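Take a look at the structure set out below.
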Amino acid sequence: MEALAKVPLSSLVYYESFDDVNKAIDREKQLKRWNRTKKVWLIERRNPPWEDLAAEWFTRHMYQPDQQVLHSPVDCFADQLTRSG
């Protein structure tokens, strides 16, 4: 899998969520020890067609110029200043 680390990511086909970062790190270490066949088995158990689980994330969070989005407290403060003065 070291060679795959150099290939750009094109789709998300599997992920796990954890409430505890230490459990997440332990799981990641466990999966890194697995061979490719076992990893494919894990993906196909939950996502048999290998659909991109993040396909709509980009479109859902795309920047829309007609809507002003404030990203930080500094932006909020600057926005308040321009409105008041």
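The values are calculated or read from the model by the stated rules, or taken from the named source; none is laboratory data. The model shown is predicted, which means the values in this text are computed figures rather than measured ones. No Cβ is skipped: glycine too gets one built from the backbone with ideal geometry, and neighbour counts run over all protein chains shown.
Scanning the range 1-59 for residues that are in a loop (DSSP other than H, G, I, E, B) and charged (D, E, K, R), which turns out modelled with the lowest pLDDT?
So the first thing to find is which residues in the range 1-59 are in a loop (DSSP other than H, G, I, E, B), and the list is 1-2, 7-20, 34-35, 47-56.
Applying the additional criterion that residues be charged (D, E, K, R) yields 2, 16, 19-20, 51-52, 56.
Details: GLU2: 50, GLU16: 95, ASP19: 94, ASP20: 94, GLU51: 91, ASP52: 90, GLU56: 80.
Among those residues, the one meeting the criterion is GLU2.
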Subject >> The one condition in (1) in contact with a Ser or Thr (Cβ under 9 Å, 6 or more places away or on another chain); (2) at pLDDT below 95 that THR82 fails to fulfil >> reply: (1)
Original post:
Quick one: what pairs do we get from the range 17-40, first residue within 21 Å of LEU53 (Cβ to Cβ), second of a type in the set (Gly, Ala, Ser) and surrounded by 10 or more Cβ atoms within 10 Å (Cβ to Cβ), C-beta under 7 Å, 6+ apart or different chains?
Top reply: PHE18/ALA24
